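So the structure is just underneath, and the comments pick up after that.
The values are calculated or read from the model by the stated rules, or taken from the named source; none is laboratory data. Note that the coordinates shown come from a computational prediction; the quantities given were computed from them, not determined experimentally. No Cβ is skipped: glycine too gets one built from the backbone with ideal geometry, and neighbour counts run over all protein chains shown.
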Amino acid sequence: MLLNENIETPRMIIRSWYRTDREFTLSLWGDKENGEYMSDPSFDNMDQAYLQCVDEMEDNPEGYYLMAVLKKEGTPLGTCCAFPEDENYDIGYCISKDHWREGLGTEMVAALIRWIKAKGGKSVTCEVADMNLGSISLLRKLGFSEDRKTSFKKWGEETYFDAHYYKLTLE
């Protein structure tokens, strides 16, 4: 799904993801450090089926794939997504390691929460690997709490993660 209008924060614009964003997205998600705790594969394991899935993100009818760019420079800084199911939205996000520890992840997720609430969402969930301490800290700072245990596997790899869903109730 595509956004009707961009989501803006003091430092970024979050807009719909387009196929022209493919190169940046693959470089972000496929990087061993940047994509370490994601279900997306490293560059070495990006097969044709995975690349086709990425190419179809722009037209995905089940959720929003989004690109975040710096307002001043217009350069990409990360990606995020939101998948509505009833009154809950499941989100994901990734900030380029070039911008870690600048508060941009918090700014991005807080903007998604405001947007979801404005759309009538009642809760937000996010699945996070237990070893991803930075992401867990970010979610807790925004009021999320541990909801349920889960696990996931990296695409095309034998890398498994123990994880938890974190949940924020919007009221």
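Odds and ends about this structure:
- Total residues in the stretch 41-90, condition in contact with a strand residue (DSSP E or B) (Cβ under 7 Å, 6 or more places away or on another chain) and farther than 30 Å from Gly120 by Cβ: 1
- When Ala110 is tested against the conditions (1) touching a Leu at 6+ places or on another chain (Cβ under 9 Å); (2) closer than 19 Å to His164 by Cβ; (3) of a type in the set (Gly, Ala, Ser), the lone failure is (2).
- Among residues of the stretch 31-53 that are of a type in the set (Gly, Ala, Ser), those with a Cβ under 6 angstrom from a residue that is exposed (fewer than 15 other Cβ atoms within 10 Å of the Cβ), sequence gap 6+ or separate chain, pair up as Ser42/Lys32.
- The listed residue being in contact (Cβ under 8 Å) with a residue 40 or more places away in the chain, farther than 24 Å from Arg19 by Cβ, surrounded by fewer than 18 Cβ atoms within 10 Å (Cβ to Cβ) and not small (Gly, Ala, Ser), out of Lys117, Lys71: Lys117
- Subset of the stretch 135-159 (residues that are touching a Ser or Thr at 6+ places or on another chain (Cβ under 6 Å) and assigned to a strand (DSSP E or B)): Phe152
- Residue match in the stretch 68-81 (condition: at pLDDT 95 or above, of a type in the set (Asp, Glu) and either more than 30 Å from Asp44 (Cβ to Cβ) or assigned to a strand (DSSP E or B) (or both)): no
- Meets criteria (among the β-branched types (Val, Ile, Thr), free of Cβ contacts under 8 Å to residues at least 40 places away in the same chain and crowded, with 16+ Cβ neighbours inside 10 Å) for Val109: yes
- Residue check for Asp98: in a strand (DSSP E or B) and surrounded by fewer than 19 Cβ atoms within 10 Å (Cβ to Cβ): no
- Hits in the stretch 8-21 - residues which are surrounded by fewer than 19 Cβ atoms within 10 Å (Cβ to Cβ) and among the β-branched types (Val, Ile, Thr): Thr9, Ile13, Thr20
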